[in-house]
Amino acid sequence: MLQFLQQVGEQVGGWLYLIAGFLVFGEAALMIGVVFPGETALLVAGLAAHQGYIGLWPMIAVAFGAAVLGDSVGYEFGRTLGPRLRGSGLGRRIGPARWESAEAFLGRHGGKAVLLGRFTAVLRALTPGVAGMTRMPYLRTFLPWNLAGAGVWGGGCVLLGYAFSSSLATIGRYLTWGPLLLIALLVIGYVLVRLRHRAQHP
């Protein structure tokens with residue numbers, strides 16, 4: 001995996017800011033999060049940041065800004081288009097069950113749904129639009145929860161990818177000797193079992 005990411009980083013480089021940012025933005029703004037979760041892009045971006053192909057903190061800033069903007073656009077689409085959004089080709093492809101799930105989630109949690117929905121791909125894509133449809137107050141309710149969710153989720157995914165890359169590097173250093181150590185432990189265990197068996201049955 002590390003070799004694959006190194007190849008991707010060498011080929012993509014700074015374009016990864018734009019690619020990951022667009023995918024995060026499009027989750028709610030274009031509802032692509034129903035089929036492609038944005039955290040996948042952020043995890044890869046975090047891995048690339050650890051490899052040095054992009055900067056960690058600039059990537060976190062891109063993730064935060066793209067998440068806030070994408071949800072805000074999704075909210076505005078829901079507010080202005082309303083039921084027509086659900087009746088569109090994209091809305092029908094999403095399906096009534098997912099729309100109803102997002103509505104029920106928003107009804108149960110109110111403004112907190114904007115934050116909590118961040119951690120489920122389908123809800124992350126649909127909750128902003130549903131919030132706009134129901135005319136949730138933007139400045140007083142939607143935006144503060146949107147900012148909180150974008151910070152926790154966006155920064156967290158990038159940092160998780162960064163930390164995971166560090167773990168992969170550590171694991172990679174020990175994989176060479178790991179199988180040999182496992183074989184040695186198995187041999188020692190077998191010898192001890194045989195010796196115990198002989199001691200019990202001389």
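The values are calculated or read from the model by the stated rules, or taken from the named source; none is laboratory data. Just so it is clear, the structure is predicted and the values come from calculations on it, not from any experiment. All Cβ positions, even for glycine, are placed from backbone atoms using ideal geometry, and neighbour counts span all protein chains on display.
Only one residue in ARG118, ARG108, ARG79 is without any contact (Cβ under 8 Å) to a residue 24 or more places away in the chain and out of contact with any His (no Cβ under 6 Å at 6 or more places or on another chain), so which one is that?
Only one candidate passes the filter, namely ARG108.
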- request: All but one of (1) part of a helix (DSSP H, G or I); (2) touching a Phe, Trp or Tyr at 6+ places or on another chain (Cβ under 9 Å) hold for ILE54, so report the exception by its number.
  value: (1)
task: Taking GLY65 as the residue in question, decide whether it is surrounded by fewer than 18 Cβ atoms within 10 Å (Cβ to Cβ) and at pLDDT 90 or above.
output: yes
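Please find, among PRO58, PRO137, the residue that is over 30 Å from LEU16 (Cα atoms) and modelled with pLDDT of 90 or more. Write out each step before concluding.
Working: PRO58 fails: over 30 Å from LEU16 (Cα atoms).
From the options PRO58, PRO137, the qualifying one is PRO137.
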- line: Checked against (1) buried (at least 17 other Cβ atoms within 10 Å of the Cβ); (2) modelled with pLDDT under 85, VAL73 satisfies every condition except (2)
- request: Please note which helices (runs of 4 or more DSSP H) are completely contained in the range 87-157 and include at least 2 residues that are among the small types (Gly, Ala, Ser).
  value: 89-94, 96-109, 121-133
message: Against the condition buried (at least 18 other Cβ atoms within 10 Å of the Cβ), modelled with pLDDT under 85 and either under 17 Å from the mean Cα position of the chain (by Cα) or not hydrophobic (A, V, I, L, M, F, W, C) (or both), how does VAL24 come out, does it pass?
response: no
message: Quick check on LEU18: is it outside any loop (DSSP other than H, G, I, E, B), touching a helix residue (DSSP H, G or I) at 6+ places or on another chain (Cβ under 8 Å) and not small (Gly, Ala, Ser)?
response: no
